[in-house]
Amino acid sequence: MWDKFGEIDSAEELNRAAAAQKAEGDREALIMLAEENGIDRDDAEDYLDGVVDELVTPLMAAVGKLQVEAADLELRGILKDWEDCILELCRKDRQMQIAIRRREKELKGCMAMLLKYSFENKCQVSDEIIKATNVMRNGRTEPLRGPVYMGVPVRAKVKELIQEYYLGGQA
């Protein structure tokens, strides 16, 4: 995931690395740095051409890291929804942007925390709902058999847990 340049801890560190590549005149290395960190090639080109003074803002750096991590984890279903919650919080809060970029914080760790909470807080689905549910099995539709337990937290709790993971006591 961070094969060429290693995991970068902050937007400032990413901008310093980009400035060093730019000073050396190494366009390809700067573009590789950007792409490895989830930064769009066009943004790297704008930086190289002097359209912008820095490669990234804290928001760009955080979103880029999340995109790289999410692609590596191949998120789907509720996990994708949880990633969207992280992005929503990130877009609203500069402290979250900074925290997401930290080396010791990983999307995998946040997802593990959410999954653990989900598992530990599962509850039994009503028999009435189970009776009303049909599923495909072996190419045939048949009634769902219970008991069924689910533990997907409500969105407000997901946001609370995300803030707890990334910000700790700073939330």
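Think of it as helices only: each DSSP H run of n ≥ 4 in the chain is worth -39500 (n - 2.57), and spread over all residues that comes to -18500 deg cm²/dmol at 222 nm. The trypsin sites (Lys or Arg not before Pro) found in the range 1-90 that occupy coil by DSSP, while having at most 11 further C-beta atoms within 10 Å, are Lys4, Arg76.
Spin-label model, Ile78 to Asp3: label points 7 Å out along the Cα-to-beta-carbon direction sit 3.4 nm apart.
The alpha carbon centroids of the range 1-56 and the range 82-127 are separated by 27 Å. Couplings 3J(HN,Hα) of the range 65-81, computed from phi: 4, 4, 5, 5, 5, 5, 4, 5, 7, 6, 5, 9, x, 4, 5, 5, 5 Hz, in residue order, whole Hz [Karplus 6.51 cos²θ - 1.76 cosθ + 1.60, θ = phi - 60°; x for Gly and Pro]. Structural descriptor for the chain: relative contact order 20 percent, calculated from alpha carbon pairs under 8 angstrom and at least 6 residues apart. With 18 Å as the limit on Cα-Cα distance, the pairs of Lys4/Lys108; Lys4/Lys80; Lys92/Lys159; Lys108/Lys159; Lys4/Lys105; Lys105/Lys159 that go past it are Lys4/Lys108; Lys4/Lys80; Lys4/Lys105. Multiplying the residue separation of Asp26 and Met113 by 0.36 nm and subtracting their alpha-carbon distance yields 27.3 nm.
Among the GluC sites (Glu not before Pro) in the range 1-110, those placed in a DSSP loop whose Cβ has at most 12 other Cβ atoms within 10 Å are Glu24, Glu74, Glu104. A DSSP coil position with no more than 15 other Cβ atoms inside 10 Å describes none of the chymotrypsin sites (Phe, Trp or Tyr not before Pro) in the range 26-124. Kirkwood Rh over alpha-carbon pairs of the chain, then Stokes-Einstein at 10 °C and 1.306 mPa s: what D in µm² s⁻¹, rounded to an integer? Here the translational diffusion coefficient equals 87 µm²/s.
Any read-out appearing in this document is the output of simple, stated calculations on the displayed coordinates, not a laboratory observation. A quick note: this is a predicted structure, and the numbers were derived from the prediction, not measured. Quick reminder, even Gly has a Cβ in these numbers, built from the backbone with ideal geometry, and neighbours come from all protein chains shown.
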